[in-house]
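The values are calculated or read from the model by the stated rules, or taken from the named source; none is laboratory data. Since this is a predicted model, take the numbers as computed values, not measurements. Because the Cβ atoms are built from the backbone with ideal geometry, glycine has one as well, and the counts that use them run over all protein chains shown. Please note that ligands, DNA and RNA were not included when accessible areas were found on the heavy atoms of the full protein model with its side chains. Shrake-Rupley method; radii C 1.70, N 1.55, O 1.52, S 1.80 Å.
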Amino acid sequence: MTDTRPNLLLILTDEQPVQTVGAYGHDLVETPHLDRLSQQGTLFRRAYTSSPVCTPARAGLFSGIYPHNTGAWANHLALGQNVKTIGHYFQTQGYRTAYICKWHLVGLDYFGRGVCPDEFEDEYWYDGRRHLKYLGPKKANLWRSQSLDSVDALVEHGVDRAFTWGGQITDRALKFLTEAGDDGRPWVLILSYDEPHHPWTCPAEFLERYQDVEFPIPETFDTEFEGKPQLQREWSDWLGLDEKSLAYNKRMTLAATAFVDSEIGRVLDVAERLENTYLFFTSDHGNQLGAHRLMWKGPWMYEESIRVPLLMSGPDVEPGVVDQVVSHLDVLPTLLHIVGQEVPEIMDGSPITDLLNDGGMDGDAERLVHVEFNRFQLD
């Protein structure tokens with residue numbers, strides 16, 4: 001008997017704010033493939049991470065539980081051993097479960113251990129440790145040195161998509177999607193791209209697009225820190241941002257964003273032809289990109305850091321925009337709801353399927369989200 005339960009594809013980028021997605025009304029960078037996905041389904045205009053830093057954001061997204069209750073409340077802290085995540089919930093229901101790329105939930109460094117958790121298929125596991133091994137010591141050191149920050153350097157070292165973490169993710173995703181159709185089981189595939197997180201490595205053609213672009217300075221770039229938390233001033237002083245360094249950061253970020261959009265496009269070209277498949281896209285958190293004279297993410301709750309893109313398409317998802325606030329914690333409960341599974345009481349999020357197909361157009365229903373930051377030190 002054929003299993004008719006739907007397939008689920010969740011695509012995640014790292015540190016990508018809504019101001020780098022064209023569908024959200026911004027033209028800093030071209031994102032034609034994400035824009036295409038938004039036109040086919042629902043765009044959540046006010047989606048928020050549960051924490052503006054990698055590990056706790058992922059802990060919340062993949063468990064449906066507030067980060068402070070998962071054990072992984074700051075970077076490089078592991079999930080509690082009793083905390084179940086997305087792979088477990090679907091694997092125990094007979095789904096194939098594959099996770100490709102950055103996990104950041106094992107309590108070690110950025111790259112992980114190279115060991116696939118039992119809840120996912122080892123063949124497709126490709127964390128940072130495995131990518132370092134694929135590159136070899138010389139190329140790996142080059143990759144993380146952040147010296148590949150000019151067109152000349154990228155050309156000199158022959159950086160192509162096969163060199164990048166993102167390119168390797170896409171290749172494995174396409175292999176999975178090609179062979180999954182012959183399996184007969186429904187599946188969950190999670191693609192966790194590291195881009196556009198620094199070191200922003202991408203083929204030279206993407207950086208060339210932004211070589212001579214003059215980027216607008218955020219209105220809040222000349223902010224005064226009087227009356228604001230001291231930590232914001234200290235972080236800003238440590239960054240030492242000026243207009244030149246801001247332009248450098250934006251140029252590199254937008255090049256990496258254009259690159260990862262092209263990789264996502266290669267996946268969408270295949271996934272959109274699949275029947276009975278739901279597609280989700282989001283990012284773990286945002287990026288200040290110079291707003292309030294800050295970069296990246298951290299101990300502040302500005303929209304640039306905590307608001308994230310969230311797009312959803314599927315068999316019964318009509319094109320539209322939802323204006324109510326939603327949380328990353330709602331994603332896993334929504335996936336469970338779609339496939340007819342009960343949402344465990346331990347989860348803090350709830351399904352947002354009731355907001356789809358005109359149910360969330362007016363924005364009048366009161367919804368609240370909670371965003372937290374628990375790490376206390378500066379880098």
Checklist entry - With all pairs of different alpha carbon atoms counted, what Kirkwood hydrodynamic radius in Å does segment 94-206 show? => result 15.0
Checklist entry - Given 4 °C and 1.567 mPa s, how large is the Stokes-Einstein diffusion coefficient of segment 193-241 in µm²/s, with Rh as the Kirkwood radius over Cα pairs? => result 92
Checklist outcome for this item: Exposed-loop cut sites defined as GluC sites (Glu not before Pro) in DSSP loop states with at most 10 other Cβ within 10 angstrom; longest site-free run of the chain spans 1-213
Checklist entry - Which of Pro52, Pro229, Pro32 moves the most in a Gaussian network model of the chain with Cα springs under 10 Å? => result Pro229
Next on the checklist: 7 Å from Cα along Cα→Cβ at both Arg185 and Asp109: what's the point-to-point distance in nm?
Outcome noted: 3.4
Item to check | Potential lengthening between Gln93 and Glu226 on full extension [0.36 nm per residue; Cα-Cα distance subtracted] | outcome: 42.5 nm
Item to check | Largest-first principal axis extents, alpha carbons of segment 1-138, Å | outcome: 49, 40, 36
Next on the checklist: With every atom except the alpha carbons ignored, what do you get for Rg and Dmax of the chain, in angstroms?
Outcome noted: 19.8, 67
Next on the checklist: I need two numbers for segment 72-121: Rg to one decimal and Dmax as a whole number, Cα atoms only, in Å.
Outcome noted: 11.3, 32
Next on the checklist: Run the simple label-point estimate for Lys175 and Ala78 please: 7 Å along Cα→C-beta, distance reported in nm.
Outcome noted: 2.8
Next on the checklist: Rounded to the nearest percent, how much of the accessible area of the chain (1.4 Å probe, protein heavy atoms only) is carbon and sulfur?
Outcome noted: 47
Item to check | Å² of accessible area per residue within segment 92-225, as computed with a 1.4 Å probe and no ligands counted | outcome: 45
Checklist entry - With no solvent and one point on each alpha carbon, what is the Debye value of log10 I(q)/I(0) for segment 173-292 at q = 0.10, 0.11, 0.20 Å⁻¹? => result -0.48, -0.55, -1.13
Item to check | Neighbour-limited loop hits for chymotrypsin sites (Phe, Trp or Tyr not before Pro), segment 44-114 (at most 16 other Cβ within 10 Å; DSSP other than H, G, I, E, B) | outcome: Tyr110
Checklist entry - Share of Cα-Cα pairs in segment 150-196 beyond 12 Å, in percent? => result 69
Item to check | Convex hull volume of segment 269-348 per residue (C-alpha atoms, cubic angstrom) | outcome: 139
Checklist entry - Non-local amide H neighbours of His285 (under 5 Å, H modeled in plane, Pro and chain starts lacking H): which ones? => result Glu15, Gln16
Next on the checklist: Please report Rg (one decimal) and Dmax (integer) in Å for the Cα set of segment 229-379.
Outcome noted: 18.6, 53
Checklist entry - Do the sum for the chain: with -39,500 (n - 2.57) for every DSSP H run of n ≥ 4, divided by all residues, what is the mean residue ellipticity at 222 nm, to the nearest 500 deg cm²/dmol? => result -9500 deg cm²/dmol
Item to check | At R0 = 35 Å, FRET efficiency that the Cβ-Cβ distance of Glu214 and Gln341 yields, to 0.05 | outcome: 0.10
Checklist outcome for this item: Mean-square fluctuation maximum in Gaussian network of the chain, Cα pairs under 10 Å, restricted to Leu191, Leu154, Leu335, hits Leu154
Checklist outcome for this item: Hits in segment 204-234: amide N under 16 Å from the 7 Å Cα→Cβ extension of Glu156, namely 204
Checklist entry - Which of Lys102/Lys139; Lys133/Lys175; Lys84/Lys250 have a Cα-Cα distance over 26 Å? => result Lys84/Lys250
Item to check | Choice from Val321, Val343, Val270 showing the highest fluctuation, given a GNM over the chain with Cα pairs closer than 10 Å | outcome: Val270
